[in-house]
Amino acid sequence: MVKKQKHHGKPPLPGATHSSGPNHNTIIKQPESGEGQDTVGPEGIALFPEIPPELGVDPLLECLLSMVVFISASDENLIDPKAADEAFSHLQRVLSKLSAKRLARMVEELEVVAGWVKDQGLGMEAVEFIETFLDEMGVDLPS
């Protein structure tokens, strides 16, 4: 179930700004020209760090986190804000289809990701992003 959207458009991301470009601590990896081989894509792209497979996090959740970060925090010259808002709304509608059992599993996995983010020293803003992810996405968790 999706509750009334708290925000119009994309969820706030830690330090996200579009006017002067994102500023996201280390939860977001932004390639710069000439940076190492492990990053690809244009400058200004926002990416969630890869979650190690040994954490047992569903790759679909990792994809969802990556897409929300990409949509929410990449520079406006890469992502049109109106298109991003529509894509974000679509993600919210799809999340509304999840069963209570699947949502419970997602909550458990987000707790694992939050612990990993803390262990990696990615900052409290990054931890807060993960801990409030479902709420910011408008997902109403069953009681």
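Observations, loosely collected:
- Amide proton proximity set for residue 47, modelled H, under 5 Å, gap of 5+: 29
- Summed residue charge, Cβ within 13 Å of residue 128's Cβ, Lys/Arg positive, Asp/Glu negative: -3
- Rounded if a/c under 1.5, otherwise prolate or oblate - the range 66-143, Cα gyration tensor axes: oblate
- 3J(HN,Hα) along the range 84-89: 5, 4, 5, 5, 4, 4 Hz, from the Karplus curve 6.51 cos²θ - 1.76 cosθ + 1.60 with θ = phi - 60°, whole Hz, x for Gly and Pro.
A short reminder: the numbers here are calculations on the coordinates, not readings from a lab. All figures in this text were calculated on a predicted structure; none of them were measured in a lab. For neighbour counting, all protein chains shown are included, and Cβ atoms are generated from backbone atoms with ideal geometry for every residue, glycine included.
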